Amino acid sequence: MKTIPQKMSSLILSVILIWSILPFRTDASFEIPGTCQVQADDGPAYTVKTLDYGYDYNTYLSLRDMAMVLKDTDKAFSLEITKNAVSLNPGSAYAPVGVENALWEDGKNPDISLRRNEFKVGGQDVIYYTMIMRLPSGYYDCFMMAADLAMILDVDITVSAAGLLEIHTQTPFCISPVSLEQAGYFYGVNSVLVGDATTGELYYQYQSDTPYPIASTSKLMTCLLTMDAISAGQITLEQQVTVSNAVQALSVSSDGVIPLEAGTQITVQDLLLGALLPSSNECALCLAESIAGSEEDFVQMMNQKALDMGLSQTVFFNSNGLPSYTEEPIPAKRQNRMSAEDMFRLVSYLLKVYPQITDITSLEKATLQSLDLEVRNSNPLLRNLPGVTGLKTGTTNKAGACLVTSLTADDGDLEHDLVVIVLGTEDSIERGRVSGMLARYALQIFNMGTENPETASAPTPRNLPTHAEAAVDWILQTARKQ
């Protein structure tokens, strides 16, 4: 392993946005306008308009103002902004419209929402949450978090002692999770783990040995047991499964994702695609019933598999990760739980047993042939970072927003599967941002090395199924028929 330089530039989000007192603020329960000073390299400092979303220092920067700050650097970019779409083109010259780097034209607090607007970088769709507003001049502007822009442009951003936001265009985006933790950044997250599933090395952990609710990331175990059943010859991918009344009831509930009517048939292959890509709860339940006869028996299989794999901080109550209620007069509300360390072991095992499963989870969309229905992957990082291959999102009120990410890296001799596990963020916005930063950190450590890596051995698979490759190939061949 190579040695990482002692001196590492780091982007510390909880510090980045704490600069000097802004020129003006007003108390509000929504967006708070302000300004800050931003400097690129040794260039002049520019005034950049900001919006604090809901809270002070939850700051989003004007992209038009930032385009002017960077216009004479190697990180220049052009912009096209409409009512609900942004196109950012790195390396292109920005055409000013006359509203850049000036104070707000109107001191009133704007009432706009943070949402997933259409966003393209270099013509490619990406997923970032932004605020687009129409300025009094008639032009549209877009406001984006500094960390997201830093990741897009691959630049380092710091805050000087004077409160000046500084962009270092010649220094690539680089973070230190330990510094983020010390600054309190992970206090709003249940658990985090970053590691190499191929070698078992752990790069960073935060509360990784404590079990937390895992929501729909539970479907990774459901997928594993389904592929085990296929490899054992118990079921086949082309086998038709009859939709039960219980599956239909879940499908039409508020937790339903894909319309499934009792008595109709759908293939095992389509059920896997539905469970893994749009995170269909009813598809997971249908798989459980087809393999074990009932979800209750399938849950026993899930927990037994966890024991066999040494997952000591894991318990399952259902196949999909939704809250599970007991039948008592005062029902207990239970949720599948797992520690990040156990999830890492599960994912490492899954990637070793069925390495081509990532060819499925890396699909941005697929067609369920049984239903003639196109479904889309719920994983935002597939569009934001090259090399991402999966794996699974999950969200419930108790679990928060969770994401298990896999990405590939090559050391010249072997392709490695790097894994980022983020459990319990406040919402899908933070889930994507935390996971995106830590995925880049995983690549950073893999490519540069680490002096004292914290290592752990993932379980060594035994008696691996022999038909995994053929099974996954069959799914891919049909899924890609659009």
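To keep it simple, each residue is scored yes or no on (1) more than 16 Å from Ile157 (Cβ to Cβ); (2) at pLDDT below 90; (3) of a type in the set (A, V, I, L, M).
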| residue | (1), (2), (3) |
| --- | --- |
| Leu13 | no, yes, yes |
| Leu22 | yes, yes, yes |
| Ser29 | yes, yes, no |
| Gln37 | no, no, no |
| Asp42 | no, no, no |
| Lys49 | yes, no, no |
| Val69 | no, no, yes |
| Asp74 | no, no, no |
| Ser78 | yes, no, no |
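For the residues Leu237, Leu202, Leu224, the requirement of being touching a residue at least 60 places away in the same chain (Cβ under 8 Å), among the hydrophobic types (A, V, I, L, M, F, W, C) and touching a Gly at 6+ places or on another chain (Cβ under 6 Å) singles out Leu202. Annotation: of all residues in segment 400-429 being over 28 Å from Gln356 (Cβ atoms) and in contact with a Gly (Cβ under 7 Å, 6 or more places away or on another chain), the one that is most open to solvent (accessible area, probe 1.4 Å) is Glu426. Of all residues in segment 191-215, those being out of contact with any Asp or Glu (no Cβ under 9 Å at 6 or more places or on another chain), open to solvent by less than 40 Å² (accessible area, probe 1.4 Å) and of a type in the set (S, T, N, Q) number 0. Out of Ala197, Ala275, Ala232, one residue alone is out of contact with any Phe, Trp or Tyr (no Cβ under 8 Å at 6 or more places or on another chain), under 30 Å from Tyr441 (Cβ atoms) and in contact (Cβ under 8 Å) with a residue 12 or more places away in the chain. It is Ala275.
Listed here are the strands (runs of 3 or more DSSP E) enclosed by segment 143-249 that have at least 1 residues being within 24 Å of the chain's Cα centre (by Cα) and under 24 Å from Tyr128 (Cα atoms): 156-159, 191-196.
Ser160 passes every criterion in (1) touching a residue at least 40 places away in the same chain (Cβ under 8 Å); (2) out of contact with any helix residue (DSSP H, G or I) (no Cβ under 9 Å at 6 or more places or on another chain); (3) polar (S, T, N, Q); (4) open to solvent by less than 40 Å² (accessible area, probe 1.4 Å) apart from (1). Among the residues of segment 113-135, which ones are part of a loop (DSSP other than H, G, I, E, B) and surrounded by fewer than 15 Cβ atoms within 10 Å (Cβ to Cβ)? Once the filter is applied, which keeps residues that are part of a loop (DSSP other than H, G, I, E, B) and surrounded by fewer than 15 Cβ atoms within 10 Å (Cβ to Cβ), segment 113-135 yields Ser113, Arg116, Gly122, Gly123. Against the criterion of being open to solvent by 10 Å² or more (accessible area, probe 1.4 Å), modelled with pLDDT under 95 and touching a Leu at 6+ places or on another chain (Cβ under 8 Å), Ser378 qualifies.
If you go through segment 30-58 and keep only what is polar (S, T, N, Q) and either in a loop (DSSP other than H, G, I, E, B) or surrounded by fewer than 23 Cβ atoms within 10 Å (Cβ to Cβ) (or both), you end up with Thr35, Gln37, Gln39, Thr47, Asn58. Residue count for segment 281-315, restricted to those that are open to solvent by less than 10 Å² (accessible area, probe 1.4 Å) and without any contact (Cβ under 8 Å) to a residue 60 or more places away in the chain: 4. Restricting segment 98-112 to residues that are among the aliphatic types (A, V, I, L, M) and free of Cβ contacts under 8 Å to residues at least 60 places away in the same chain leaves a set whose member that is surrounded by the fewest Cβ atoms within 10 Å (Cβ to Cβ) is Ala102. In this structure, is Glu181 open to solvent by 30 Å² or more (accessible area, probe 1.4 Å), under 19 Å from Asn58 (Cα atoms) and in contact with a strand residue (DSSP E or B) (Cβ under 9 Å, 6 or more places away or on another chain)? In short, yes. Val353 satisfies every condition listed in (1) closer than 21 Å to Leu443 by Cα; (2) at pLDDT below 95; (3) open to solvent by less than 40 Å² (accessible area, probe 1.4 Å) except (1). Residues that are open to solvent by 50 Å² or more (accessible area, probe 1.4 Å), touching a residue at least 40 places away in the same chain (Cβ under 8 Å) and out of contact with any Leu (no Cβ under 9 Å at 6 or more places or on another chain) within segment 64-97 comprise Asp74, Thr82, Lys83, Asn84, listed in sequence order. Taken as a whole, the structure places Ala229 among residues that are open to solvent by less than 10 Å² (accessible area, probe 1.4 Å) and more than 29 Å from Arg431 (Cβ to Cβ).
The values are calculated or read from the model by the stated rules, or taken from the named source; none is laboratory data. Since this is a predicted model, take the numbers as computed values, not measurements. Quick reminder, even Gly has a Cβ in these numbers, built from the backbone with ideal geometry, and neighbours come from all protein chains shown. Calculation scope for accessible area: heavy atoms of the full protein, side chains included, ligands and nucleic acids excluded. Shrake-Rupley method; radii C 1.70, N 1.55, O 1.52, S 1.80 Å.
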